[in-house]
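> What follows is a structure written as structure tokens; I'll ask about it next.
The values are calculated or read from the model by the stated rules, or taken from the named source; none is laboratory data. Computed from a prediction, not measured in an experiment: that's the story for all the values here. Backbone-built Cβ (ideal geometry, glycine too); neighbour counts: all protein chains shown.
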Amino acid sequence: MFSCCRGYATVEAEYQQEYVSGNASVRTNGQKTLVDAVLAVGYDKLSVGGKVVVDAASKQAPQDYNFGAEYAGADYIAAAVTEKKRSVLSLSYFQRVSKTHTVGAQATFGLVKPSRALQFGTDYEVDRDTTVRASARVESGKDTTVVATAVEHKLSNPRVLLGVAAEFNISPNNVTAGRMGITATLGDF
Amino acid sequence: MPALFCPGSAAFTPPLFGAFGKKTKDLFKKKFDFEHQLKVVNNNADAKNIETSVVFPTDKQVRGVFKSSIPVSNLAQANGVFETEFHTVADKESKTSYKFTNLFNGGFVKLGVTSVKADAKNDTADFPEYVHNNKPLSLARAIILSKRFVRGRAIAAS
């Protein structure tokens, strides 16, 4: 016989028009039914929005609820968003420096448990076939900085997209290698 | 599409709340694949998209991933896109859905089934599972049992 699945059946509706975008979804696994509602309103490049997750069977407070705002300029985007029941505040900034170069930064602050993290990233298109990406992450309470790099190169014959990503843990005393991966993509990448 | 990099009038379509700050987050996440993988991507002219990959993690078992997006265009009002994503391990979320893109302007309705990631190691798959003798039936066990069944039938027939 079939046992009860722990997966979810979902129904989701999304709507985007001038000034407003929203999304509502219902997920159920037979025992628990979660309702998500997301709404964002925008005017003149400024958007504000929020998300609430409610357990339909519970009369208690919503399971999760967050708010945020984003401003999208001509070549930059700044955003402030709360996460995890408003216990984390994330501030982010993205800048297109040139047609081939972008940079970004994100600062995360713990509002309940004091914690801070700062992350920088950059993406540079070396030529038509090669891109280089790098990021660095610093967290309060940790003396290591995690630096990650990724290089992607398109080969024309055979047609393959090759990617190599590597991570390094940098502390005041030493540098240790972290994770690394090699990716080969064939076909219509 | 959100009005990113489009200087213009006061009227614009805001991004979904989930996409706030996404460009920055993508800069830290996308392309950083710290697992060896081989991927085959097939994009047809009629927007069919099929992607198959084999991932070779250093500390876990090899896993396969299948993703597809197939537009349906002969159902009039019910036209849409059939999307699937399957993983061969239980600790990754597999899902399948049908997106009705023609029901109203500016949006869609999506019906789907999503598995829940297994929380613990050695947990069974999250899809509805067949239970045989109070044991969850994995694909490998199902093959063994069906072989036994067929062999038993063959012996009985002879």
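> From the list A:THR149, A:THR176, A:THR183, exactly one residue is exposed (fewer than 14 other Cβ atoms within 10 Å of the Cβ) and touching a strand residue (DSSP E or B) at 6+ places or on another chain (Cβ under 6 Å). Which is it?
A:THR176
> Looking at (1) closer than 22 Å to B:GLU35 by Cα; (2) within 13 Å of chain B (Cβ to nearest Cβ), can you tell me which one A:THR108 breaks?
Failing condition for A:THR108: (1).
> Of all residues in segment A:1-18 being of a type outside the set (A, V, I, L, M, F, W, C), in a loop (DSSP other than H, G, I, E, B) and surrounded by 15 or more Cβ atoms within 10 Å (Cβ to Cβ), which is modelled with the lowest pLDDT?
Selected residue: A:ARG6.
> For segment A:56-75, which residues satisfy the criterion of being over 30 Å from A:THR102 (Cα atoms) and not in a loop (DSSP other than H, G, I, E, B)?
The answer is A:ASP64, A:TYR65.
> Got a sec? Which of A:VAL53, A:VAL41, A:VAL35, A:VAL48 is part of a strand (DSSP E or B), at pLDDT below 95 and either within 15 Å of B:ALA19 (Cα to Cα) or in contact with an Asp or Glu (Cβ under 7 Å, 6 or more places away or on another chain) (or both)?
Of A:VAL53, A:VAL41, A:VAL35, A:VAL48, the one residue that is part of a strand (DSSP E or B), at pLDDT below 95 and either within 15 Å of B:ALA19 (Cα to Cα) or in contact with an Asp or Glu (Cβ under 7 Å, 6 or more places away or on another chain) (or both) is A:VAL53.
> Within segment A:168-178, can you find the residues that are out of contact with any Ser or Thr (no Cβ under 8 Å at 6 or more places or on another chain) and free of Cβ contacts under 8 Å to residues at least 24 places away in the same chain?
Hits for segment A:168-178 are A:ASN173, A:ASN174, A:VAL175, A:THR176, A:ALA177.
> Take the residues in segment B:26-59 that are part of a loop (DSSP other than H, G, I, E, B) and among the acidic types (Asp, Glu), then tell me which one is surrounded by the most Cβ atoms within 10 Å (Cβ to Cβ).
The selected residue is B:ASP33.
> Still on this model: So, A:GLU83, is that one within 14 Å of another protein chain (Cβ to nearest Cβ), at pLDDT below 95 and surrounded by 14 or more Cβ atoms within 10 Å (Cβ to Cβ) or not?
Taking the combined requirement at face value, the residue satisfies it.
> Further question on the same structure: Might you check whether a residue that is under 20 Å from the mean Cα position of the chain (by Cα), facing chain A (nearest Cβ under 9 Å), under 30 Å from A:TYR71 (Cβ atoms) and surrounded by 13 or more Cβ atoms within 10 Å (Cβ to Cβ) occurs anywhere in segment B:3-18?
Yes; the residues of segment B:3-18 include at least one that is under 20 Å from the mean Cα position of the chain (by Cα), facing chain A (nearest Cβ under 9 Å), under 30 Å from A:TYR71 (Cβ atoms) and surrounded by 13 or more Cβ atoms within 10 Å (Cβ to Cβ).
> Sticking with this one: In the list A:GLU70, A:GLU12, which residue meets the criterion of being facing chain B (nearest Cβ under 8 Å) and within 23 Å of A:PHE94 (Cβ to Cβ)?
Being facing chain B (nearest Cβ under 8 Å) and within 23 Å of A:PHE94 (Cβ to Cβ) holds for just one of A:GLU70, A:GLU12, which is A:GLU70.
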